[in-house]
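Rule-based calculations on the coordinates, nothing more; no lab input. This one's a predicted model, so the numbers in the text were calculated from it and none came from an experiment. Note that each Cβ is placed from the backbone with ideal geometry, even for glycine, and that neighbours are counted across all protein chains shown.
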């Protein structure tokens, strides 16, 4: 493979210089090393003629390794661990009491139906499966919501939550250049990557209060008020990731007031509808309240967790507009953004969701299974709380475990303490102190309580 | 909606004039005249009142008047290819034909679910609904995809010196590469063949990589403009990025010969250009997946480190599942790992990963010799049918004694035929004959069947006949026409269609 060509470059000696220019360019993602010249062309200028030595060196010689994803990296480390008591509390993926992945019965049924129908696999339209778009909007806003009847919602099927967020981010970049997105501190790690890659500037609003292991409501309101008018405020509809801390209904009302007052746009990320409380409607209450006020709202949905369809990448982006005409225009632009990203979305997950939500028997079954999953997590929270309270004699208030909601709990452990959790106790979690209760069984609560107490008190 | 409150008034302006008509002036009974005058007066008064009411009610909080965040969002231009399908779908004519989208149809004109897909899906079942970190299956897909396009026995494959990730079909693979190119060569551009698939520009455009073109299609010969192509490659700045279609060029169907590919590859070597191949039709050009990869194999022999976007939408029949693969050849394994990590990071911020369903299907079929053999047979069947339709369409046009040269129909390869029809002729085909294709005259041969090929030939001959005033309508035998069904849509061209004796 290593053949070397010696050739006289054409009369463009500046061509080789341009690569040095390129090398001086953007570096903030660990790309080319400044000192390295482009190895693909080693050129020396002799007046107007350059000798160009072209070797089979790759053009991407200087590319460095991207940092490992903090969340997925946890699972990888866990897999590599051979300790018998190891516990994976990293990824927010639901596990049964036996700590096995769970395929919902309704999904198995729906999948079987699809196989039997043997439908073709033709391209979906750019906006996705119409039947899916209809049911997903109804699920989020309520079947009888005026915004749906008035056709004021632009709904486009997306690649789960991530893909839907990315579509919205691209829309913001295109139509609100310079507008900022405010994200909670902390928030899901991928939010920043999505907005960075979409070239949308972002800043943070205070959210988590480490002192109370609860919501820093005043800080949150102050930061939202201080943001330039017309900012996008990213809100977690329910079951905040990573903290598990949600505003109360009263706090939501104040948040809505402030957003309206400052002329911001609320941008909801709803990844856990049904998973937080066990009820699809309850978990959509925050979004519905904003919409009921007549506000224009963006909402990204994911069916990864509540239907266990992680790997089928099914979700949607919804933009509630003040008129059906605006909704049509917005939808057309979302399609315009999606086409050069992936042309049209995958069909399989959409069909499964449409079948389940569209069939009353399957829908009932789904509700029951979701209550079961959410119920298991609530039980685990109680058991963990009991174990912590009984084992820990220091009088520390562990009630935040009960107050937090959804799959995750922010333990309040710092990085060193998290390292201790992993190194000493073989408990894998993300370094921000987040544990995924979906990965915890009742049987392991006592062990986890020991680990947390030890890390909290004996490590600083 | 805002008209509801005063719907009760809206009947009046239409109702009253009837009173006026009924009560004509009657000299004998003057009281009737008074009635008529009163009616007119009342009519005018009602119109004035209802206008005020309408204005008064609708200035309240009706949603359409409220200011929207999205007022400045204009309607997007419709995607060119999808717009053809939309127009086709809206056409009520029962013998309409869609030659727009490049999706394979059987001889009945129906979409095909390949047999191998059914077999493989049965095996997969519901066991794949796990979280999206199904790294093992993804790696398998990448490995098998690379073997398919690069050849198993190459060192670069055996030594795993390539970075690859599953992608959302060809579009997704191109987009990830475009973003990667932008990230590491921020000032670079991309050279597209002229013409190219319409979405290429948008893909690199949205990644903020400016696009340029190089000569490709020769409108006179309806073949390759090789001399101009080589000139453009030579004149491009050293180290430029080029997008190449290795086989079954979309939209022209015009491919370089092996010899021409060798010359292109040599020049690329001299100029140190980066070749990026968009492989959407491996198997569709010749019916043989190995043969169709020849261009890439030639480049590899010359030692290029290339990049490749593979789509499995057409050749594996997985259109709606969105499965493809992006691969970049590297120097060594370490670099491969680094590049893969960057590609993953880019895709994680876009959609995280493609679906496990699609990935499982592809890795299953490519790694299972029996299913793969079945697939290769099916690809051959599809490609052969298209080749037959090419020959049949050309023969039909020649039989009609068309004054034009239709050799290019059989010279071109793959799914598409660049017919050479003008925009006006394409529009005429749609309006008068209910045959739909993209504006550039690209015909999806995959949608031509034994049943419709004669009609298509006839229609093309009609619109391209040199003297448009003298229409020679040939009787093509036993087919019956039923123009009543389509009389509304045919409009003024009823006579032409009637004379055509169309197959239904």
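Things to note:
- Between residue B:106 and residue A:211, the simple label model (points 7 Å from Cα in the Cβ direction) yields a spacing of 7.2 nm.
- The range A:123-358: relative contact order in percent, alpha carbon pairs under 8 Å with at least 6 residues between: 31
- Computed [θ] at 222 nm, helices only, for chain A once each DSSP H run of length n ≥ 4 contributes -39500 (n - 2.57): -13500 deg cm²/dmol
- DSSP bridge orientation in chain A - percent antiparallel, rounded to nearest 5: 60
- Subtracting the Cα-Cα distance of residue A:285 and residue A:105 from 0.36 nm times their residue separation leaves 62.1 nm of extension gain.
- In terms of other Cβ atoms within 10 Å, B:376, B:148, A:440 run from fewest to most in the order B:376, B:148, A:440.
- Spacing of the modelled spin labels on residue B:451 and residue A:226, each 7 Å from Cα toward Cβ, amounts to 7.0 nm.
- Mean per-residue shielding of peptide A:89-98 is 1, counting Cβ atoms of other chains within 10 Å of each Cβ.
- Cβ-based exposure ranking for B:249, A:264, in which fewest neighbours within 10 Å come first: A:264, B:249
- Shape category assigned to the range A:230-365 from the gyration tensor of Cα positions, a/c cut at 1.5: oblate
- Placing a label point 7 Å from the Cα of residue A:150 along the Cα-to-Cβ line, the residues of the range A:277-298 whose backbone N sits under 13 Å from it are A:291-297.
- Cα-based convex hull volume of the range B:243-356 per residue, rounded to whole Å³: 128
- Scoring A:269-277, B:101-109, B:188-196, A:158-166 by mean Cβ neighbours within 10 Å over their residues and listing the highest first yields A:158-166, A:269-277, B:188-196, B:101-109.
- If the convex hull is drawn through the Cα atoms of the range A:339-381, its volume per residue in Å³: 90
- Inter-chain Cβ neighbour average for residues A:157-169, partner chain, 10 Å: 3
- As a length-normalised measure over Cα pairs under 8 Å and 6 or more apart, the relative contact order of chain A settles at 20 percent.
- Rounded to 5, the percent of DSSP beta bridges in the range A:123-358 classed as antiparallel: 50
- Here the label points at residue A:292 and residue B:45, each 7 Å from Cα along the C-beta direction, are separated by 4.7 nm in the simple model.
- Each principal axis of the Cα atoms in the range B:112-264 has its own extent, and those three values, largest first, are 53, 37, 33 angstrom.
- The calculated P(r) of the range A:123-358, using every Cα pair and 5 Å bins from 0, goes 1, 7, 15, 20, 21, 18, 11, 5, 1, 0, 0 in percent.
- Highest-first arrangement of A:69-77, A:222-230, where packing means the average Cβ count within 10 Å: A:69-77, A:222-230
- Both the radius of gyration and Dmax for chain A are 25.4, 83 Å, in that order, over alpha-carbon atoms.
- Whole-Å distance, taken between Cα centres, linking the range B:161-179 and the range A:252-290: 36
- Peptide A:323-335 has a mean of 5 when you count, residue by residue, the C-beta atoms of other protein chains within 10 Å of its C-beta.
- Taking 18 Å as the cut-off, the amide N atoms of the range A:432-460 that come nearer than this to a point 7 Å along the Cα-to-beta-carbon line of residue A:390 belong to A:441-454.
- Note on residue A:85 and residue B:115: with the Förster distance fixed at 41 Å, the Cβ-Cβ geometry gives a FRET efficiency of about 0.25.
- Cα convex hull of the range B:186-273 - mean projected area over all directions, nm²: 5.5
- Using the Cβ-Cβ distance between residue B:89 and residue B:155 with R0 set to 51 Å, the FRET efficiency from 1/(1 + (r/R0)^6) comes to roughly 0.55.
- Extension gain for residue B:260-residue B:333 works out to 23.1 nm (0.36 nm per residue, less the C-alpha to C-alpha distance).
- A Förster radius of 56 Å, combined with the Cβ-Cβ distance separating residue B:410 from residue A:263, puts the computed FRET efficiency at roughly 0.35.
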